[in-house]
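The values are calculated or read from the model by the stated rules, or taken from the named source; none is laboratory data. Nothing here was measured: the structure is a model prediction, and the numbers come from that model. All Cβ positions, even for glycine, are placed from backbone atoms using ideal geometry, and neighbour counts span all protein chains on display.
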Amino acid sequence: MTLAELDAHQQQSLAELQAAIEATAIEQVRVRYLGRNGLLPALMKQLKDVPVADRPEFGRRANAWRAALEAALTERQAAAAPRETVAPFDATLPGRWPTLGAMHPVSRIIEDVCRVFARLGFTVADGPDIETRFNNFTALNTPAHHPSLDATDTFWLGDDQLLRTQTSPVQIRVMTSRPPPVRIVTPGRCYRRDTTDATHSANFHQIEGLYVDTKPVSLADLKATLACFARETMGPSVGVRFRPHFFPFTEPSVEVDFSCHVCNGSGCRVCKQSGWIEIAGAGMVDPRVYRLVGYDADSVYGYAFGMGVERIAMIKYGITDIRLLYENDVRFLGQFA
Ligand code: DAH
């Protein structure tokens, strides 16, 4: 094979390609020259038979040919591709799917928490947003001089009516309306005169729990219940700890922490290096509360707990600003679909 013959093959291949109109004819040219058994690969195998002096030039031209042929092929193939035409209306094609909504993260947490407690025998109880002084404070053993009753903290609607500051008054509604045993959770909206910032809102949600029975119930039962809840929501390796605290309506009272789900308890920014995240307030129902609702304080036992829904949503989904939960921006909410 000489350089002149090589050039002749190149001319020939490009001419054949130029003459090919249909996609199948173009493909035949491609296979004839570039295919596995095509002419170009065969010529490359003969390179060793070309005189040594001519070899570099032979290789260079063969490569240039390949490049030119490939470029021309791409062009011809594009030209032979079927033209886009306006398709006739096809009534059998599926329609455009409507955008699906997603459950709001606050609603989702409420549903998840209630579902876990339902499996533990708790039913869901409900109460109104507008409460009485008695249900929200007095019956919960909160003295009239307690700062939370101040008009600076609570939205009063009159002397006796207010927007509930917690879901705890539902405990009172349930206990004044039926005898023990009661085993309820109550999700709901709460109101406080807080200035809105990244972690506070004047309007937020809590989930309250109450278990009262005529047979002994102890702090250990409370801890086991909350530990089970923790595992169900955060996974099997989560730790739970109780810290002594004070609430007027429980004695003893505790604050409940879960081990930090981000660092597994070793300390990080989310848990402020403590390894723990505060989740709930809880305790054994104070005998005074039993007396105020008309239960026999000497023969009933029980515990109560309350937790902030937004707080759990923020922890679980890594939300850093509570206000995002109320702005109803679909770009934010769509992420929970
Ligand atoms: N109501 C309390 C609050 O808003 C939370 C709470 C603490 C509820 C202890 C309880 C409880 O039922 O036992 O901070």
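Candidates are the residues of the stretch 125-152 that are polar (S, T, N, Q) and assigned to a loop (DSSP other than H, G, I, E, B); the one that is nearest to the chain's Cα centre (by Cα) is 152. Residue-level analysis places residue 312 among those that are within 16 Å of the ligand (Cβ to nearest atom) and modelled with pLDDT under 95. Being closer than 17 Å to residue 310 by Cα and either exposed (fewer than 15 other Cβ atoms within 10 Å of the Cβ) or of a type outside the set (Ser, Thr, Tyr) (or both) is a property that residue 220 lacks.
Against the definition (under 30 Å from residue 221 (Cα atoms) and modelled with pLDDT under 95), how does residue 148 come out, yes or no? When the stated conditions are applied, residue 148 passes them. Considering each residue of the stretch 288-296 in turn, at least one proves to be touching a Ser or Thr at 6+ places or on another chain (Cβ under 9 Å) and small (Gly, Ala, Ser).
Residue-wise test of (1) touching a strand residue (DSSP E or B) at 6+ places or on another chain (Cβ under 8 Å); (2) over 30 Å from residue 168 (Cβ atoms); (3) of a type outside the set (Lys, Arg); (4) not assigned by TED's automatic domain parsing to the domain that holds residue 27.
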residue: 61; (1), (2), (3), (4): no, yes, no, no
residue: 89; (1), (2), (3), (4): no, yes, yes, yes
residue: 112; (1), (2), (3), (4): no, no, yes, yes
residue: 126; (1), (2), (3), (4): yes, no, yes, yes
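Of all the listed residues (250, 233), the sole one being over 20 Å from residue 167 (Cα atoms) and of a type in the set (Val, Ile, Thr) is 233. Please work out which residue is farthest from residue 101 (Cα to Cα), limiting yourself to the stretch 299-337 and to residues that are part of a loop (DSSP other than H, G, I, E, B) and among the hydroxyl-bearing types (Ser, Thr, Tyr). Top of the filtered list is 299.
Within the stretch 237-252, residues that are in contact (Cβ under 8 Å) with a residue 24 or more places away in the chain have Cβ atoms under 8 Å from residues that are surrounded by fewer than 17 Cβ atoms within 10 Å (Cβ to Cβ) and in a strand (DSSP E or B) in these pairs: 252/244, counting only partners at least 6 apart in sequence or on another chain. A search for C-beta distances below 6 Å between a residue of the stretch 301-320 that is touching a residue at least 40 places away in the same chain (Cβ under 8 Å) and closer than 17 Å to residue 202 by Cα and any residue that is of a type outside the set (A, V, I, L, M, F, W, C) and not in a helix (DSSP H, G or I), counting only pairs 6+ apart in sequence or on different chains, returns 308/206; 309/205.
A count restricted to the stretch 164-214 and to residues that are out of contact with any strand residue (DSSP E or B) (no Cβ under 7 Å at 6 or more places or on another chain) and under 19 Å from residue 153 (Cα atoms) stands at 10.
All told, residue 56 meets the bar of being over 30 Å from residue 189 (Cβ atoms), out of contact with any helix residue (DSSP H, G or I) (no Cβ under 9 Å at 6 or more places or on another chain) and not assigned by TED's automatic domain parsing to the domain that holds residue 324.
The residue that is farthest from residue 109 (Cα to Cα), counting only those in the stretch 194-217 that are buried (at least 17 other Cβ atoms within 10 Å of the Cβ) and over 25 Å from the mean Cα position of the chain (by Cα), is 217.
Counting only strands (runs of 3 or more DSSP E) wholly contained in the stretch 161-278, the ones carrying 1 or more residues that are at pLDDT 95 or above and within 13 Å of the ligand (Cβ to nearest atom) occupy 182-191, 203-213, 240-247, 250-259.
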